[in-house]
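Below you'll find the structure, written out as C-alpha cells, and then a few comments.
The values are calculated or read from the model by the stated rules, or taken from the named source; none is laboratory data. Worth saying up front: this structure is predicted, and the values here are computed from it rather than measured. Don't worry about glycine lacking a Cβ; one is built from the backbone with ideal geometry, like all the others, and counts go over all protein chains shown. Surface areas here come from the heavy atoms of the whole protein model, side chains and all, with no ligands, DNA or RNA. Shrake-Rupley method; radii C 1.70, N 1.55, O 1.52, S 1.80 Å.
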Amino acid sequence: MAAEQRDMKVPSVLLPVCPVCGRPMTMNLRADDRFVEDEGWREACARYEQFLTQNRDKKVLFWELGVGMNTPSIIKYPFWQMTARNPKARYVCVNRDLAYAPEPIASRSLCLAEDLNLLCDLAD
Ligand SMILES: [Zn+2]
C-alpha cells in the first residue's frame, strides 16, 4: 500500500474491507460504541499498567506526539496527572496547534508548537 501512495493518498481498491460484509474497514478509535477491547487489547493494557506501576516513582518522560482534544482522557490527562504525581517525571508535548501544559507541571514540561509532518520524510 505504501508503494502505491501518491500525495498522501492510496487507491481506494487497496483499502481493506470487512471479510463478512464487505464494508470499508476503519481504525479502532474510541469515537463511538464500536471500540474493540479484545484479548490482545486487554493484554497490552495490562502490560502498560504494569509498566506504569513498576516505574511510578522513577525518572519517567511522558512524551506526547500530536495528541489532540478528541479523547484527552486516554493520553493527555493521564500524562499530566502522572507527571504531577511524580516529581521526577517530565512531560514533553509536540503539537502544532496545542502545545500546552497546565501550570502545576509547567516547570517540568517542554511544549513544542511544531508540525510533526517535518518528520515524515524520515520514513522514506
Ligand atoms: Zn462487516
Subject >> Long-range neighbours under 9 Å by Cβ, at least six apart or interchain, first residue hydrophobic (A, V, I, L, M, F, W, C) within the stretch 15-38, second outside any loop (DSSP other than H, G, I, E, B) and within 15 Å of the ligand (Cβ to nearest atom) >> reply: LEU15/PRO24; VAL17/PRO24; CYS18/PRO24; MET25/VAL17
Original post:
Quick one: is ALA84 out of contact with any His (no Cβ under 9 Å at 6 or more places or on another chain) and assigned to a loop (DSSP other than H, G, I, E, B)?
Top reply: no
**OP:** Among what's in the stretch 1-20 and is part of a loop (DSSP other than H, G, I, E, B) and more than 14 Å from the ligand (Cβ to nearest atom), pick the residue that is nearest to ILE74 (Cα to Cα).
**Re:** MET8
**OP:** Report yes if GLU103 is at pLDDT 95 or above and open to solvent by 80 Å² or more (accessible area, probe 1.4 Å), otherwise no.
**Re:** yes
Original post:
From the set of residues in the stretch 21-62 that are assigned to a helix (DSSP H, G or I) and open to solvent by less than 70 Å² (accessible area, probe 1.4 Å), which is nearest to the ligand (Cβ to nearest atom)?
Top reply: GLY40
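Residue by residue, here is whether (1) at pLDDT 90 or above; (2) among the charged types (D, E, K, R) holds:
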| position | (1), (2) |
| --- | --- |
| SER12 | no, no |
| PRO19 | yes, no |
| ARG30 | no, yes |
| PHE35 | no, no |
| TYR48 | yes, no |
| LYS59 | yes, yes |
| GLU64 | yes, yes |
Original post:
ALA106 versus (1) out of contact with any helix residue (DSSP H, G or I) (no Cβ under 7 Å at 6 or more places or on another chain); (2) more than 21 Å from ASP57 (Cα to Cα): which is the lone unmet condition?
Top reply: (2)
